[in-house]
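**Q** Handing you a structure now.
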Amino acid sequence: MTSVSAALGHWRRWTPALRVETLALFAGLFFTLSSNGLFWRAAFAERDFAGAGDWLFAAGLFVTLTALHFLILLVLCNRWTAKPLLAVILIATAFASYYMASYTVFLDPSMLRNVLRTDVKEAGELFSLGMLPHLVLYGLLPLLLLTRVRVVRDAWRPALLRRALSLVLGVLILGGALVAIFQDMAPLMRNNKEVRYLITPANYLYSLARVLGSDASAATRERQQIGLDATLAPSWQTRKKPTLFVVVVGETARAANWGLSGYARQTTPQLAERDVINFAQVTSCGTNTEVSLPCMFSLQGRRNYDEDKIRGSESLLNVLERAGLRVLWRDNQSGCKGVCTGVETQKLDSAKVPGLCDGERCFDEILTHDLDQVLADRQGNLVIVMHQLGNHGPAYYKRYPEAFRRYTPECETPDLAKCERETVVNAYDNAILYTDHVLAKTIDFLKAKSATYDTAMLYVSDHGESLGENGLYLHGVPYSIAPKVQVEVPMTLWVSPGYAQSFALDTDCLRQRAAQPATHDNLFHSLLGMLDVRTSIYDAGLDVAAQCRR
Ligand SMILES: [Zn+2]
């Protein structure tokens, strides 16, 4: 007992006095040593450390990372902000390095946007007991040490001088180290520019500044209107029935595990029994929802990708409404990422339908729930967009009801790397089976309505997913270096005979077109084309159905 209280007494009396500069240096060293495992692995991937050159390169990188973080902290911290700010950065960095190591996450601006838009439910699914040791060791322990530090408060004149000298010295050391390793660094950066987004915590601090900056400038700008001349084509005058078109935006479904696209497992048995047209080679605009969702409904697309422009402009849905179609966005996820601004929206993810919802989440069948009421309340032509929860990870096993537990055993923890790969794939495939069911149910509903409506459905996923290939999990790898499984997505079309006739669509021709490659860039113009909307921004070259209208 006495030894414990003696130790506690020592601990209480131990209050080292440090200047902000010293604290920043210690923190910089700590981050270099403890938080950059992925970066070191990428930087040293090609080296065997047999010669002195490799060791010099390692030493140069070590100095570079430490100096970089030293400088960032000097800019952010003063004698008042140093401790609280460092505390936040220590904890955030412990989380960041955990997720980076577990899922190989690059914390670039688009990934950070994803993180910032993550809702409580999504964050909750990412927690696991397995992360506690890492958080204690790399977050809590250094935080405890930090609480003992007393920040020295010099008179302002010497303090200012010391800060200025430290900054100059830091810049000189950083510059010197960069020059020394430039020869070795250049090929690494050229072949794999994205590796800089592994430097932690500089990666997320930089990305945070970028995202906040672009959001602030977007908030002050008016959304750019597009398709001001949009109207319904003259053919609409002769139509006898109203039109009901359903667009289903999938989540994290990848083409490689889509039964209709040739996967060894038949994960789409119900769609296979319906007369659907499957596009087997479709490339997504991004590798995460924050990029893909706005992009796929934008005029710019991947070919002219400009995040600020896309976020600052109206979407396809606004053009359809301007032409005179009613649009409804039904969401079972974390929102439409700006795509449905100005459009009627239903948030269903917190609905309380017994059997479909557990109080936190709902299964995707919530999207087809009450569709009769939706139609009863909205007369006339209607475009419904259903935003699925789909295969949202890492908790795939929570995405489907018991009846779809076909492939077992399933990985039942968010720590995917701790599961047998086979069990991760099983859970993922069960979630695809459930999406197959939801889509088939949607088609059956539309079939049942075809006496009173011309009906059609288009399904497309927002991006793919890694399931342990090369140690990668989840998605969000920077687009330029993303593996195929993260960008190849399923896309499936169903049109009722009535719709095909009314819109003069040749389904055999569409089937042939579906065998050719397509991308998210086709979505905007194909929907304008298939819905017979006239506007000068329509580009027939990007409409997959353009050659298939009689
Ligand atoms: Zn997504």
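**Q** Going through region 239-262 one residue at a time, which ones are in contact with a helix residue (DSSP H, G or I) (Cβ under 9 Å, 6 or more places away or on another chain) and farther than 18 Å from Y428 by Cβ?
**A** Once the filter is applied, which keeps residues that are in contact with a helix residue (DSSP H, G or I) (Cβ under 9 Å, 6 or more places away or on another chain) and farther than 18 Å from Y428 by Cβ, region 239-262 yields R239, K240, K241, T243, L244, F245, V246, V247, V248, V249.
**Q** Still on this structure, I have one more. Among (1) in a helix (DSSP H, G or I); (2) in contact with a helix residue (DSSP H, G or I) (Cβ under 9 Å, 6 or more places away or on another chain), which single condition is P187 missing?
**A** So P187 meets the others, but not (2).
**Q** Residue check, A395 against (1) at pLDDT 95 or above; (2) within 16 Å of the ligand (Cβ to nearest atom), all met but one. Which one?
**A** Condition (1) is where A395 drops out.
**Q** Residue check, C340 against (1) open to solvent by 60 Å² or more (accessible area, probe 1.4 Å); (2) within 22 Å of Q373 (Cα to Cα); (3) part of a loop (DSSP other than H, G, I, E, B), all met but one. Which one?
**A** Answer for C340: the failing condition is (1).
**Q** Could you tell me whether any residue of region 215-229 is in contact (Cβ under 8 Å) with a residue 12 or more places away in the chain, in contact with a Leu (Cβ under 7 Å, 6 or more places away or on another chain) and open to solvent by 40 Å² or more (accessible area, probe 1.4 Å)?
**A** no
**Q** Same structure again: Can you spot a residue in region 247-269 that is small (G, A, S), modelled with pLDDT of 95 or more, under 20 Å from the mean Cα position of the chain (by Cα) and in a strand (DSSP E or B)?
**A** yes
**Q** Residue by residue through region 439-477, note down the ones that are surrounded by fewer than 24 Cβ atoms within 10 Å (Cβ to Cβ), under 23 Å from R405 (Cβ atoms) and more than 16 Å from the ligand (Cβ to nearest atom).
**A** A440, K441, T442, D444, G468
**Q** I'd like to check which helices (runs of 4 or more DSSP H) are fully inside region 453-520 and have at least 3 residues that are closer than 15 Å to A545 by Cβ. Break it down into steps so the answer makes sense when it comes.
**A** Numbers: elements: 484-487, 497-502, 507-514.
Per the criteria, 497-502, 507-514.
**Q** Further question on the same structure: Kindly evaluate G250 against the criterion of being closer than 30 Å to Y473 by Cα and open to solvent by less than 10 Å² (accessible area, probe 1.4 Å).
**A** Taking the combined requirement at face value, the residue satisfies it.
**Q** When only residues in region 322-337 that are in a loop (DSSP other than H, G, I, E, B) and either without any contact (Cβ under 8 Å) to a residue 24 or more places away in the chain or within 16 Å of the ligand (Cβ to nearest atom) (or both) count, which is surrounded by the fewest Cβ atoms within 10 Å (Cβ to Cβ)? Give the derivation first.
**A** First, pick out the residues of region 322-337 that are in a loop (DSSP other than H, G, I, E, B): 324-325, 332-337.
Checking the rest, the ones that are also either without any contact (Cβ under 8 Å) to a residue 24 or more places away in the chain or within 16 Å of the ligand (Cβ to nearest atom) (or both) come to 332-337.
Numbers: N332: 27, Q333: 24, S334: 21, G335: 17, C336: 23, K337: 23.
Only one residue fits best here, namely G335.
**Q** If a residue counts only when it is over 18 Å from D415 (Cβ atoms), which helices (runs of 4 or more DSSP H) contained entirely in region 89-136 have at least 3 such residues?
**A** Helices (runs of 4 or more DSSP H) meeting the threshold: 109-116.
**Q** Being of a type in the set (G, A, S) and within 21 Å of Y263 (Cβ to Cβ), is that true of even one residue in region 422-430?
**A** Yes: one or more hits.
Here is a yes/no grid of residues against (1) touching a strand residue (DSSP E or B) at 6+ places or on another chain (Cβ under 7 Å); (2) over 28 Å from C419 (Cα atoms); (3) in contact (Cβ under 8 Å) with a residue 24 or more places away in the chain; (4) of a type outside the set (G, A, S):
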{"residue": "T15", "(1), (2), (3), (4)": "yes, yes, yes, yes"}
{"residue": "E21", "(1), (2), (3), (4)": "no, yes, yes, yes"}
{"residue": "L38", "(1), (2), (3), (4)": "no, no, yes, yes"}
{"residue": "D48", "(1), (2), (3), (4)": "no, yes, no, yes"}
{"residue": "A59", "(1), (2), (3), (4)": "no, yes, no, no"}
{"residue": "F70", "(1), (2), (3), (4)": "no, yes, yes, yes"}
{"residue": "P84", "(1), (2), (3), (4)": "no, yes, no, yes"}
{"residue": "P109", "(1), (2), (3), (4)": "no, yes, yes, yes"}
{"residue": "L116", "(1), (2), (3), (4)": "no, no, yes, yes"}
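The values are calculated or read from the model by the stated rules, or taken from the named source; none is laboratory data. Bear in mind the structure is a predicted one, so any value in this text is a computation, not a measurement. Reconstructed Cβ throughout: ideal geometry from the backbone, glycine too, with neighbour counts over all protein chains shown. SASA here: full protein model, heavy atoms, side chains in, ligands and nucleic acids out. Shrake-Rupley method; radii C 1.70, N 1.55, O 1.52, S 1.80 Å.
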